[in-house]
Structure formats: C-alpha cells, structure tokens
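Worksheet: the structure to be examined is printed underneath.
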Amino acid sequence: MSTLEFNQLLVNNAEFLKPFAITLTRDSEAAKDLFQETLYRALANKDKYNVGTNIKAWLYTIMRNVFINNYRRRAKQNTIFDSSPNEFLLNQSQTAIANTAESNLRVKDIQLAIHNLPEIFRNPFLLYFDGFKYHEIADMLSEPLGTIKSRIHFARKLLKSQIEKL
C-alpha cells in the first residue's frame, strides 16, 4: 500500500476517533491532543498496518494504548519520593492520638462474635484465619472444597452482621 493510499484511508476513517477520545479523556482539549497523538502514531507506524484488516480497530487500539500510557506517565509524575534519612518526620503532621483501649475493646467484641458462630462455620473460619488454604482446610475437616468455601463465606457474612450491630 502506498503512502498516499494509506493517508487517504486514514483521513476517511479518523472522524470516528473524536467521540472515543472524548469518552476516554472527558475533556475536549485533552481529547484533541489524544486524537492528534493517535494520528501521529498511526502515520509513524503505517508499516505495521496489515492491508485488508480493520483500520478502525487498529486506530482504536492505538488510541487506547496512547491514553493508557499517558495515564500511567501522569500517575508516576504525581508520586513524590523522599530519600531523606529523617523518615520519622514524614508523618509529623498527625495530630490524632491512637486510643488503644477502644481498639482492645473492639478486638474483644470481634473475638466474642467469632466464638458465638455456630461450630459448623467457626472451625473452617478459624483455620482460614490462621492462614490455612481452602484445600488444606477441606483435607483436615474431610469436607468438599466447595463446602469449606461456602462455610467460610457464611461465617464472614454472619460476623459482619454481628459486628455491625455492636
């Protein structure tokens, strides 16, 4: 395919990209930049286009990848790195003081709620809480894997409802 034919194909199929760019960016100026970058990348990589394939899908893919790369680049730029040796000063602006008595009461309430669970739910949940995998618990209790997963799920659900009441 000649350059002139490719350019004509690109011009004829580029208008549908504008609404897609606005959908991705939610900003008309950023959408214009994304559209322009997409067309630039398409022109720069015209040798990678396979003649006879769907040009719209190819352009959509380019636009999506450009958008994702720009998003990741912006996310990295907003990251602040502090390599100073005085790490203890990083959270100096915290004014709240931890109330360990309140958190200890909460832990006791949670432990009581766990021990108030029916035994059929409590045993698998405690084993899971201790770090055992589902299949290990199933082997220990001689129960099917699905049954163990279900019982742990229902134990969590019961605990959540009991703790919300507190």
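List of remarks:
- Per-residue Cβ neighbour rank within 10 angstrom, fewest leading, 20, 132: 132, 20
- If the segment from residue 57 to residue 29 were pulled out straight at 0.36 nm per residue, it would be longer than the present Cα-Cα gap by 7.7 nm.
- Karplus (6.51, -1.76, 1.60) ³J(HN,Hα), θ = phi - 60°, over region 11-20, in Hz, Gly and Pro reported as x: 5, 5, 10, 8, 4, 5, 6, 4, x, 5
- Dipole magnitude of region 3-77, debye to nearest 20 (Cβ charges: Lys/Arg +1, Asp/Glu -1, about Cα centre): 380
- Here region 114-165 is treated as a Stokes sphere of Kirkwood radius computed over C-alpha pairs; at 4 °C and 1.567 mPa s its diffusion coefficient rounds to 119 µm²/s.
- Placing +1 on the Cβ of every Lys and Arg and -1 on the Cβ of every Asp and Glu, with no other charges, gives region 98-166 a dipole of roughly 240 debye about its Cα centre.
- Listed by chain and number, the lysines whose alpha-carbon sits under 30 Å from that of residue 108, ignoring those within fewer than 8 places in the same chain, are 133, 149, 157, 160, 165.
- Fewest-first ordering of 115, 153 by other beta carbons within 10 Å of each residue's beta carbon gives 115, 153.
- With each label modelled as a point 7 angstrom along the Cα→C-beta vector, the residue 46-residue 109 pair spans 6.9 nm.
- Set of lysines with alpha-carbon distance to residue 46 below 22 Å, sequence-local pairs under 8 removed: 18, 32, 56
- Pairwise label distance in nanometres, residue 135 with residue 162, each label 7 Å out on the Cα-Cβ vector: 3.1
Each value in this text was obtained by applying a stated rule to the coordinates, not by laboratory testing. Since we're looking at a predicted model, the values are computed, not measured. A quick note on method: Cβ atoms are made from the backbone with ideal geometry, for glycine too, and the neighbour counts reach across all protein chains shown.
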